[in-house]
Amino acid sequence: MKAELFGLKGKVAIVTGGNGGIGLGMARGLADAGADIAVVGRNEEKSKAAVADIKARSVKAIAVATDVTDKEAVGRMVEHVRSELGRIDILVNNAGINIRKPPHALELEEWSSVIDTNLTSAFLCSKAVHPAMKAAGGGKVINIGSMMSIFGASFAPAYAASKGGIVQFTRACACAWAADNIQANAILPGWIDTDLTKRARSEIDGLHNKVLARTPAARWGAIDDFAGIAVFLASPASDFVTGTAIPIDGGFSVMG
Ligand code: NDP
């Protein structure tokens, strides 16, 4: 196997929500493979800490404070990354939120805020990087779905709609941009130990043990479990892989 198959030296990756959780796990993996990283998030303190963590891996890293639901801000962010890091090869659409309520209790503003953050942001960021990727002769878009891309849940109407939608959006981009040598794929995380699920564990009775019982790997996922799949989907190793959605879930989605 050629070493450069998984190599990302000289590449530049934007990771939305890269200042913590799964996004930071992927950013670390991409940096360890040699990519320079732009960390995109709203919390500047968290982003500063993530940049220090990534720089310690001997690559360039910058933080770009951006609300990914804001079209103008996304445009400015992409221009800033191009001018600071020189190019854009990889986009990880990872920023996400959840509001846990059944459909009859969810307000329109709550629905919109989940859809905007989890789905519309991926459209805005992907559209904004497309010219740079096309001009560079190719690129990689990695979108983050969920087990809710596959399953329903009474407490996640907007979240499940956004995560189902992101898989279909991924397929559309894969078809539209194959001619530009841009591959678009989705990752579907199982239950991963992050700030997002810490709240879920306190809100949903018995969740911790239910996840353990349903997961063949018999553990919650860790953020570093996402380094390998991020490198695979960002590197030449996946040049003939596009439009797919890969569960990273310790077997949760295949448990009968
Ligand atoms: P975290 O809450 O740890 O991270 C979410 C990230 O999204 C933060 O870095 C946050 O940064 C960023 N973010 C949220 N809203 C915005 C916004 N408007 N603009 C810019 N950045 C934003 O969650 P996870 O790491 O758990 O989640 C990451 C992704 O993985 C999400 O898409 C989530 O749905 C998905 N996922 C997670 C699972 C899990 O078990 N943890 C399971 C399945 C999917 P900041 O606050 O600085 O803006």
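The values are calculated or read from the model by the stated rules, or taken from the named source; none is laboratory data. Keep in mind the model is a prediction, meaning the values are calculated, not measured. Because the Cβ atoms are built from the backbone with ideal geometry, glycine has one as well, and the counts that use them run over all protein chains shown.
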Subject >> Complete set of residues in the range 215-224 that are more than 12 Å from ALA27 (Cα to Cα) and either crowded, with 18+ Cβ neighbours inside 10 Å or away from the ligand (no atom under 13 Å from the Cβ) (or both) >> reply: THR215, PRO216, ALA217, ALA218, TRP220, GLY221
**OP:** Please state which one of ARG171, ARG199 is over 18 Å from GLY221 (Cα atoms) and surrounded by fewer than 19 Cβ atoms within 10 Å (Cβ to Cβ).
**Re:** ARG171
**OP:** Give just the number: which of (1) within 15 Å of the ligand (Cβ to nearest atom); (2) assigned to a helix (DSSP H, G or I); (3) touching a strand residue (DSSP E or B) at 6+ places or on another chain (Cβ under 9 Å) does GLY228 not satisfy?
**Re:** (1)
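Taking the stated definitions as given, is GLY243 in a loop (DSSP other than H, G, I, E, B) and either within 12 Å of the ligand (Cβ to nearest atom) or farther than 16 Å from VAL92 by Cβ (or both)? Talk me through it step by step, then tell me what you get.
Working: in a loop (DSSP other than H, G, I, E, B): yes; either within 12 Å of the ligand (Cβ to nearest atom) or farther than 16 Å from VAL92 by Cβ (or both): yes.
It is true that GLY243 is in a loop (DSSP other than H, G, I, E, B) and either within 12 Å of the ligand (Cβ to nearest atom) or farther than 16 Å from VAL92 by Cβ (or both).
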**OP:** Go through the range 71-93 and give me each residue that's surrounded by fewer than 16 Cβ atoms within 10 Å (Cβ to Cβ) and among the small types (Gly, Ala, Ser).
**Re:** GLY75, SER83, GLY86
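Answer yes if at least one residue in the range 53-61 is assigned to a helix (DSSP H, G or I) and under 17 Å from the mean Cα position of the chain (by Cα), and no otherwise. Spell out how you get there, then give the answer.
Pass one, the range 53-61, residues assigned to a helix (DSSP H, G or I): 53-55.
Now restrict to residues that are under 17 Å from the mean Cα position of the chain (by Cα): 54.
Yes - at least one qualifying residue is present in the range 53-61.
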Subject >> Residues (more than 7 Å from the ligand (Cβ to nearest atom), in a helix (DSSP H, G or I) and crowded, with 21+ Cβ neighbours inside 10 Å) located in the range 11-50 >> reply: LEU24, GLY25, MET26, ALA27, ARG28, GLY29, LEU30, ALA31, ALA50
Subject >> Condition broken by VAL68, with the remaining ones in (1) of a type in the set (A, V, I, L, M); (2) under 15 Å from the mean Cα position of the chain (by Cα); (3) surrounded by fewer than 24 Cβ atoms within 10 Å (Cβ to Cβ) satisfied >> reply: (3)
Original post:
For ASP53, which of the numbered conditions (1) under 27 Å from ALA174 (Cα atoms); (2) of a type outside the set (A, V, I, L, M, F, W, C); (3) at pLDDT 95 or above fails to hold?
Top reply: (1)
